[in-house]
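*Asks:* Pasting a structure here, questions to come.
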């Protein structure tokens with residue numbers, strides 16, 4: 001019997017980032033779903049359970065900060081790794097206050113590093 005794949009929700013409005021990230025995660029043994037903004041993320045999370053969320057901060061409709069704030073209200077929180085190019089100390093501090101598990105700057109992080117971070121977080 002095969003093991004159930006861990007499910008990751010990728011919340012990223014830039015297809016050029018989301019597609020290769022999703023492919024790399026699937027090749028590493030994860031199931032992924034991609035949504036384009038925070039509103040879609042919250043709608044999806046209302047209907048499906050995920051083992052981890054990779055969350056961008058700057059997105060249309062509902063930003064990542066608002067998604068984190070909404071997730072904080074849940075009784076069964078899903079681990080969240082914030083993936084952004086915001087790296088001001090106040091932004092980093094705010095995402096951790098809102099319950100993020102880990103944080104990385106997209107421009108400074110390789111896909112392999114992201115996959116390793118995901119594995120450490122949910123395996």
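The values are calculated or read from the model by the stated rules, or taken from the named source; none is laboratory data. Small disclaimer: the values here were computed from a predicted structure and weren't measured. All Cβ positions, glycine included, derive from the backbone under ideal geometry; neighbour counts span all protein chains shown.
*Asks:* Right, residue 9: under 24 Å from residue 113 (Cα atoms), in contact with a helix residue (DSSP H, G or I) (Cβ under 6 Å, 6 or more places away or on another chain) and at pLDDT 95 or above or not?
*Replies:* Values: under 24 Å from residue 113 (Cα atoms): yes; in contact with a helix residue (DSSP H, G or I) (Cβ under 6 Å, 6 or more places away or on another chain): no; at pLDDT 95 or above: yes.
Considered against the rule, which asks whether it is under 24 Å from residue 113 (Cα atoms), in contact with a helix residue (DSSP H, G or I) (Cβ under 6 Å, 6 or more places away or on another chain) and at pLDDT 95 or above, residue 9 comes out as no.
*Asks:* Report yes if residue 12 is farther than 19 Å from residue 123 by Cβ, surrounded by 15 or more Cβ atoms within 10 Å (Cβ to Cβ), within 14 Å of the chain's Cα centre (by Cα) and in contact (Cβ under 8 Å) with a residue 60 or more places away in the chain, otherwise no. Explain how you work it out, then say what you get.
*Replies:* Numbers: farther than 19 Å from residue 123 by Cβ: yes; surrounded by 15 or more Cβ atoms within 10 Å (Cβ to Cβ): yes; within 14 Å of the chain's Cα centre (by Cα): yes; in contact (Cβ under 8 Å) with a residue 60 or more places away in the chain: yes.
So residue 12 fits the description; yes.
*Asks:* Additional query: In region 18-33, which residue that is surrounded by 18 or more Cβ atoms within 10 Å (Cβ to Cβ) and in contact (Cβ under 8 Å) with a residue 24 or more places away in the chain is farthest from residue 87 (Cα to Cα)?
*Replies:* Going residue by residue through region 18-33, those that are surrounded by 18 or more Cβ atoms within 10 Å (Cβ to Cβ) are 18, 21-22, 25, 30, 32.
Adding the requirement that they be in contact (Cβ under 8 Å) with a residue 24 or more places away in the chain leaves 21, 25, 30, 32.
Numbers: 21: 20, 25: 24, 30: 28, 32: 26 Å.
Restricting to residues being surrounded by 18 or more Cβ atoms within 10 Å (Cβ to Cβ) and in contact (Cβ under 8 Å) with a residue 24 or more places away in the chain, the top hit is 30.
*Asks:* Condition first: in contact with a strand residue (DSSP E or B) (Cβ under 9 Å, 6 or more places away or on another chain), more than 12 Å from residue 8 (Cα to Cα) and surrounded by fewer than 22 Cβ atoms within 10 Å (Cβ to Cβ). Now tell me which residues in region 45-83 satisfy that.
*Replies:* Initially, region 45-83 is screened for residues in contact with a strand residue (DSSP E or B) (Cβ under 9 Å, 6 or more places away or on another chain), giving 45, 48-59, 64, 67-68, 71, 78-83.
Next, only the ones that are more than 12 Å from residue 8 (Cα to Cα) stay: 56-59, 64, 67-68, 71, 82-83.
If the condition is that a residue be in contact with a strand residue (DSSP E or B) (Cβ under 9 Å, 6 or more places away or on another chain), more than 12 Å from residue 8 (Cα to Cα) and surrounded by fewer than 22 Cβ atoms within 10 Å (Cβ to Cβ), then 58, 71 are the ones that fit.
*Asks:* With respect to residue 32, determine if the residue is under 12 Å from the mean Cα position of the chain (by Cα), outside any helix (DSSP H, G or I), under 15 Å from residue 7 (Cα atoms) and modelled with pLDDT under 95.
*Replies:* Working: under 12 Å from the mean Cα position of the chain (by Cα): yes; outside any helix (DSSP H, G or I): yes; under 15 Å from residue 7 (Cα atoms): yes; modelled with pLDDT under 95: no.
When the stated conditions are applied, residue 32 does not pass them.
*Asks:* Considering only helices (runs of 4 or more DSSP H) fully contained in region 35-123, which possess at least 2 residues that are touching a helix residue (DSSP H, G or I) at 6+ places or on another chain (Cβ under 7 Å) and in contact (Cβ under 8 Å) with a residue 60 or more places away in the chain? Break it down into steps so the answer makes sense when it comes.
*Replies:* On the way: elements: 38-47, 64-72, 89-97, 111-122.
In region 35-123, the matching helices (runs of 4 or more DSSP H) lie at 111-122.
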